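Input: a single structure, listed below in structure tokens.
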Amino acid sequence: MHSAGAGEKVGPDDTVVVNYRGTLIDGTEFDSNDGVEFSPARLIEGMAEGLELLAKGGKATFYIPADLAYGENAPRGSVIKPNSVVVFEVEVVDIIRN
């Protein structure tokens with residue numbers, strides 16, 4: 001699934017409203033949310049870089065290598081282990097320009 005969306009792409013200082021699902025490479029889900037607001041600057045590097053390729057209505061699946069995800073610092077209590085590849089299915093619902 002990939003569609004870049006229409007209009008201006010997400011910028012690093014924008015706030016985005018997204019629907020997303022996060023999984024490990026084996027399909028184990030670790031997070032999902034609909035209609036959540038994020039600033040790309042506050043996300044893991046790989047997700048921030050990926051979002052900046054999309055515009056409103058854009059949908060993509062990002063396969064994020066460990067060095068652009070959590071590296072050796074996996075979130076405590078999570079199914080994400082150190083040096084894990086993570087996968088995010090993302091839809092940009094809206095972009096709020098700051």
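The values are calculated or read from the model by the stated rules, or taken from the named source; none is laboratory data. Note that the coordinates shown come from a computational prediction; the quantities given were computed from them, not determined experimentally. Glycine gets a Cβ as well: all are built from the backbone with ideal geometry, and neighbour counts include every protein chain shown. Surface areas here come from the heavy atoms of the whole protein model, side chains and all, with no ligands, DNA or RNA. Shrake-Rupley method; radii C 1.70, N 1.55, O 1.52, S 1.80 Å.
Hydrodynamic estimate: the Kirkwood radius of the chain over Cα pairs, inserted into Stokes-Einstein at 37 °C and 0.692 mPa s, corresponds to D of 245 µm²/s. For a label point 7 angstrom out from the Cα of His2 toward its Cβ, which stretches of the stretch 33-58 have the backbone nitrogen within less than 16 Å? What the label zone holds, given the 16 Å backbone N cut-off, is 47, 49-55, 58.
To put it simply, the accessible area of the chain at a 1.4 Å probe is 46 percent carbon and sulfur. Surface listing: Tyr70, Tyr20, Tyr63 arranged by accessible area from highest to lowest gives Tyr63, Tyr70, Tyr20, probe 1.4 Å. Spacing of the modelled spin labels on Asn98 and Ile25, each 7 Å from Cα toward Cβ, amounts to 3.3 nm. Normalising the Debye intensity of the stretch 1-40 to I(0), with uniform scatterers on Cα atoms only, and taking log10 at q = 0.24 Å⁻¹ returns -0.97.
Rounded to the nearest 20, the Cβ-based charge dipole of the chain about its Cα centre (Lys and Arg +1, Asp and Glu -1) stands at 60 debye. Electrostatic bookkeeping for Thr23 treats Lys and Arg as +1 and Asp and Glu as -1; over the other residues with beta carbon under 9 Å from its beta carbon, the sum is -3.
Label positions at Asp34 and Val79, each projected 7 Å from the Cα along the C-beta direction, are separated by 2.0 nm. Listed by chain and number, the aspartates and glutamates whose C-alpha is less than 15 Å from the C-alpha of Lys81, apart from same-chain residues fewer than 8 away, are Asp26, Glu29, Asp31, Asp67, Glu72. Averaging the sequence gap over all C-alpha pairs within less than 8 Å and six or more residues apart, then dividing by the number of residues, gives the chain a relative contact order of 39 percent. Heavy-atom accessible surface of the chain, averaged per residue, reaches 57 Å², computed with a 1.4 Å probe.
The order of Lys59, Lys9 by accessible area, most exposed first and with a 1.4 Å probe, is Lys9, Lys59. Measuring between their Cα centroids, the stretch 67-98 and the stretch 33-58 lie 10 Å from each other.
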